[in-house]
Amino acid sequence: MENILLILSLLALVKSLFMTALLPNRWYRLGFCLLLGVFVFVSHGYAIELNKLQVQQLLSTQDSLLNISFVVMIDSILSVYFCVARLGGSDSSKVKRYMSVLRYMPSLLVFPAVFYIHVNLFFSIVATDFMLITSGWALLVVLLFVVASLFMRRLFAEKELPIEIILILTLLLFMLTVCGTVFHPSATVYGSGTPVDWIECVTTLGLLIIIMLAGYIFSNIRKIIKRKKNNIFV
């Protein structure tokens with residue numbers, strides 16, 4: 001489970017790099033990059049108090065995975081709307097107003113991803129001052145996002161390619177989260193050996209078929225009645 005969470009964090013970080021590069025205003029992108037650096041320093045006190053084993057046990061439960069799936073689903077919806085807004089959206093003025101706001105929406109997963117990697121760095125880099133690790137991580141995050149926001153637009157001549165990469169990464173994040181939740185050991189259902197009631201199954205299937213046929217016949221009767229009324233008025 002530790003590897004899955006780390007992969008999710010890295011994918012969320014890479015997706016956030018592409019989304020930050022597509023943010024409209026240069027100063028807004030720079031401000032967001034500095035905000036991430038400030039977030040690393042602010043979360044230092046919380047990250048230093050956490051035990052890696054405690055974090056793994058907390059995030060490996062079924063309830064935690066369901067909460068993570070919910071957050072990833074919200075972020076996926078916002079990411080899709082962000083891509084639609086960057087591509088132009090709709091011709092309606094009201095829709096354009098909402099789309100113009102979504103163009104400034106960064107990825108929500110970047111903050112938990114940065115925090116989780118921050119906690120893992122404390123246990124990966126030994127014999128080093130924690131504040132030094134935090135400072136280095138904050139500087140690396142700021143430089144990484146600044147470089148991505150400045151040069152990724154020049155690297156990709158058209159914005160359609162970064163949007164495709166964002167959608168692919170969003171799909172991968174969603175699929176990994178769902179698979180981690182569905183294939184969790186606590187989600188496994190074990191059979192009790194109860195025999196199948198075939199009569200009840202056949203009866204239910206027959207009722208469904210009858211309802212479908214009744215709906216089909218009713219729709220055809222309505223069409224015939226409408227045709228007759230039209231012919232009468234003609």
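The values are calculated or read from the model by the stated rules, or taken from the named source; none is laboratory data. It should be emphasised that the depicted structure is a prediction, and the values quoted were computed from it without experimental measurement. As a convention, Cβ positions derive from the backbone with ideal geometry for all residues, glycine included, and neighbour counts pool all protein chains shown.
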Any residue in the range 134-155 that's modelled with pLDDT under 90: show its pairings with residues that are among the hydroxyl-bearing types (S, T, Y) at Cβ separation under 8 Å, as long as the two are six or more apart or on different chains. A148/T20; S149/T20
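Within the range 31-38, does at least one residue satisfy the condition of being among the aliphatic types (A, V, I, L, M) and closer than 19 Å to L167 by Cβ? Please lay out each step first, then the result.
So the first thing to find is which residues in the range 31-38 are among the aliphatic types (A, V, I, L, M), and the list is 34-36, 38.
Going one step further and asking which of them are closer than 19 Å to L167 by Cβ, we end up with none.
For the range 31-38, residues among the aliphatic types (A, V, I, L, M) and closer than 19 Å to L167 by Cβ: absent.
Which one of these is over 13 Å from I117 (Cα atoms), in contact (Cβ under 8 Å) with a residue 60 or more places away in the chain and either within 23 Å of the chain's Cα centre (by Cα) or surrounded by 12 or more Cβ atoms within 10 Å (Cβ to Cβ) (or both): I68, I48? Can you show your working first?
On the way: I48 fails: over 13 Å from I117 (Cα atoms).
When all the criteria are applied, what remains is I68.
Could you identify the single residue in M99, M19 that is at negative phi, modelled with pLDDT under 85, crowded, with 17+ Cβ neighbours inside 10 Å and in contact with a helix residue (DSSP H, G or I) (Cβ under 9 Å, 6 or more places away or on another chain)?
On the way: M19 fails: modelled with pLDDT under 85.
Matching residue, one of M99, M19: M99.
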Name the residues in the range 122-142 that are under 15 Å from F41 (Cβ atoms) and either surrounded by fewer than 16 Cβ atoms within 10 Å (Cβ to Cβ) or touching a strand residue (DSSP E or B) at 6+ places or on another chain (Cβ under 8 Å) (or both), would you? D129, F130, M131, L132, S135, G136, L139, L140
Can we say M131 is touching a helix residue (DSSP H, G or I) at 6+ places or on another chain (Cβ under 8 Å) and more than 26 Å from S76 (Cα to Cα)? yes
Residue count for the range 51-65, restricted to those that are part of a helix (DSSP H, G or I), without any contact (Cβ under 8 Å) to a residue 60 or more places away in the chain and not charged (D, E, K, R): 7
With the checklist (1) surrounded by 13 or more Cβ atoms within 10 Å (Cβ to Cβ); (2) at pLDDT below 85; (3) more than 18 Å from I77 (Cβ to Cβ) in hand, flag the one item L176 doesn't pass. (3)
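Evaluate the range 85-92: report whether one residue or more is in a helix (DSSP H, G or I), aliphatic (A, V, I, L, M) and in contact (Cβ under 8 Å) with a residue 24 or more places away in the chain. If you could, list the steps in order and put the result at the bottom.
We begin by selecting, within the range 85-92, every residue in a helix (DSSP H, G or I); these are 85-87.
Filter again for aliphatic (A, V, I, L, M), leaving 85, 87.
Applying the additional criterion that residues be in contact (Cβ under 8 Å) with a residue 24 or more places away in the chain yields 87.
Within the range 85-92, one or more residues are in a helix (DSSP H, G or I), aliphatic (A, V, I, L, M) and in contact (Cβ under 8 Å) with a residue 24 or more places away in the chain.
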Pairs only if they're at least six apart or on different chains, beta carbon under 7 angstrom, first in the range 28-40 and surrounded by 15 or more Cβ atoms within 10 Å (Cβ to Cβ), second of a type in the set (D, E, K, R) and not in a helix (DSSP H, G or I); list them, first residue then second. none
